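Notes for the one structure printed next.
The values are calculated or read from the model by the stated rules, or taken from the named source; none is laboratory data. Everything quoted here is computed from the prediction, not taken from an experiment. Note that we place each Cβ from the backbone using ideal geometry, even for glycine, and neighbour counts take in every protein chain shown. Note: accessible area is taken over every heavy atom of the protein model, side chains too, but ligands, DNA and RNA are not part of it. Shrake-Rupley method; radii C 1.70, N 1.55, O 1.52, S 1.80 Å.
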Amino acid sequence: MRACIPLVLAVLCGLAWAGKMESCASRCNEKFNRDAACQCDHRCPWHGDCCEDYKHLCTEDHKELEPFPQPEEETEEALASNLYSALSSCQGRCYEAFDKHHQCHCNASCQEFGNCCKDFESLCSDHEGFSYSSDAITKEEIQSISEKIYRADTNKAQKEDIILNRQNRISPSETRDQVDHCPKPFFTYVNEKLFSKPTYAAFINFLNNYQRVTGHGEHFSAQQLAKQDAFLREIMKMAGMKDLYSFLHHQNGYGSEEFVDDLKNMWFGLYSRGKEEGDLSGFEHVFSGEVKKGKVTGFHNWICFYLQEKEGLVDYYSHILDGPWDSYPDVLAMQFNWDDYYKEVGSAFISSSPEFEFALCSLCFITRPGKVYQLSLGGYPLAIRTYTWDNSTYGNGKKYIATAYIVSST
């Protein structure tokens, strides 16, 4: 934690000098200066000690910055996004996102620009379905559809359904200390009648399908697969998922059966992160959570958090971010212990329905895979970061979801 400047030191330094150190003029990207009244280094947004003109003077195109550090869990996925950087083939890359570091390209525009890989036509000409990198979708369209999905979530919990006890908020620099700053549970009350709603019930019903430790293969019975299919059927009845499908269909002619099949594969298709085949899926990582190398990764769902806390398996430690919303769903970034395993930064929507989170993350992954996707929810900006799993594919080179999580708000 950055030490505060003692008052006596500030006096000794002089008011005139201090005034000069309250601006980022000629100070952008300097190292942390403990004698300055405010900071201009690249980590100041995370610590909340930037000078007022930092964003105007020091950020490219005034881009919004993440208010808390990238979760440590995502570093391997970030490296995985560069696996194809040296390849000269479209094998497993049809209609991937444009990447300037690639020798040749396999996106929808490569023929127009004359930079396709030599085997693009043979491998990708018959590649059916929605282009996973629809860069033609504008920022305005993105904000419009995200607001539409937000408004459609009438299935979310209401204010009277949840009482939270946020307790202590810490600085981002304290997250690695693994100190329990909050002696009481995070959830004081949840109206469990919510869980009898069809999408909630179907969601909770198959959470026990998964083993949380990576390296242990998942072997689903017919009954477990039926639970998975039941969840997809229920969420596809909801307005938000219908809005998502309508948007994608209008953009690129996504067929309804193809859409559901893609959701099933990209979210529930198994891939291997350990030695054993098929030990993980995107859904398990994002919603249910997993343990990797002695740390909690994923686990971004409030319902799972509540159920595990109720069982005494989750101990809420603190939070470093509370979203700007004055109603639900809200967004928090929390620290917690899950059955003796620590989570350093866990961002989550609070009170949203399962279909709302599923729709937003699917939208981001399908149209901007492996990127930060800027949304608008209730008039407030929010971003979701996705990563693709690039070591294996399904169908004709389509990618599984590696992860999806909230990275920024204001």
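For this structure, a couple of remarks:
- Among residues of the stretch 85-113 that are assigned to a loop (DSSP other than H, G, I, E, B) and at pLDDT 65 or above, those with a Cβ under 8 angstrom from a residue that is among the aliphatic types (A, V, I, L, M) and open to solvent by less than 40 Å² (accessible area, probe 1.4 Å), sequence gap 6+ or separate chain, pair up as Asn107/Ala97.
- Qualifying positions in the stretch 234-258 - assigned to a helix (DSSP H, G or I) and open to solvent by 40 Å² or more (accessible area, probe 1.4 Å): Glu234, Ala239, Lys242, Tyr245, Ser246, His249, His250, Gln251, Asn252, Ser256, Glu257, Glu258
- Residue ID - nearest to Arg169 (Cα to Cα), chosen from residues in the stretch 311-341 that are touching a Leu at 6+ places or on another chain (Cβ under 6 Å) and in contact (Cβ under 8 Å) with a residue 40 or more places away in the chain: His319
- Count of the stretch 294-316 residues which are closer than 18 Å to Tyr405 by Cβ and charged (D, E, K, R): 1
- Residue count, the stretch 259-317 (criterion: in a loop (DSSP other than H, G, I, E, B), open to solvent by 30 Å² or more (accessible area, probe 1.4 Å) and at pLDDT 85 or above): 5
- Figure legend. Inter-residue proximity from the stretch 253-267: first residues over 15 Å from Phe283 (Cα atoms) and of a type in the set (Asp, Glu), second residues open to solvent by less than 50 Å² (accessible area, probe 1.4 Å) and not in a helix (DSSP H, G or I), beta-carbon distance below 8 Å, spacing 6+ or different chains. Indicated pairs: Glu258/Gly129; Glu258/Phe130.
- Within the stretch 159-173, one or more residues are over 30 Å from Asp243 (Cβ atoms) and of a type in the set (Lys, Arg).
- Counted residues, the stretch 151-168 - those being closer than 18 Å to Asn301 by Cα, basic (Lys, Arg) and either under 21 Å from the mean Cα position of the chain (by Cα) or open to solvent by less than 30 Å² (accessible area, probe 1.4 Å) (or both): 1
- Checklist (1) modelled with pLDDT under 95; (2) among the acidic types (Asp, Glu); (3) closer than 30 Å to Leu248 by Cβ applied to Asp340, failing item: (3)
- In the stretch 169-201, the residues that are among the β-branched types (Val, Ile, Thr) and surrounded by 15 or more Cβ atoms within 10 Å (Cβ to Cβ): Ile170, Thr175, Val190, Thr199
- Among (1) out of contact with any strand residue (DSSP E or B) (no Cβ under 8 Å at 6 or more places or on another chain); (2) under 20 Å from Gln158 (Cβ atoms); (3) at pLDDT 90 or above, the one test that Phe349 misses: (1)
- Residues of the stretch 329-368 classified as within 13 Å of the chain's Cα centre (by Cα) and not in a loop (DSSP other than H, G, I, E, B), total: 17
- Of the residues making up the stretch 342-357, those that are in contact with a Leu (Cβ under 8 Å, 6 or more places away or on another chain) and of a type in the set (A, V, I, L, M, F, W, C) are Ala348, Ile350.
- Selected residue (only one of Thr188, Thr175 is of a type outside the set (A, V, I, L, M), within 24 Å of Ile320 (Cα to Cα), at pLDDT 95 or above and not in a loop (DSSP other than H, G, I, E, B)): Thr188
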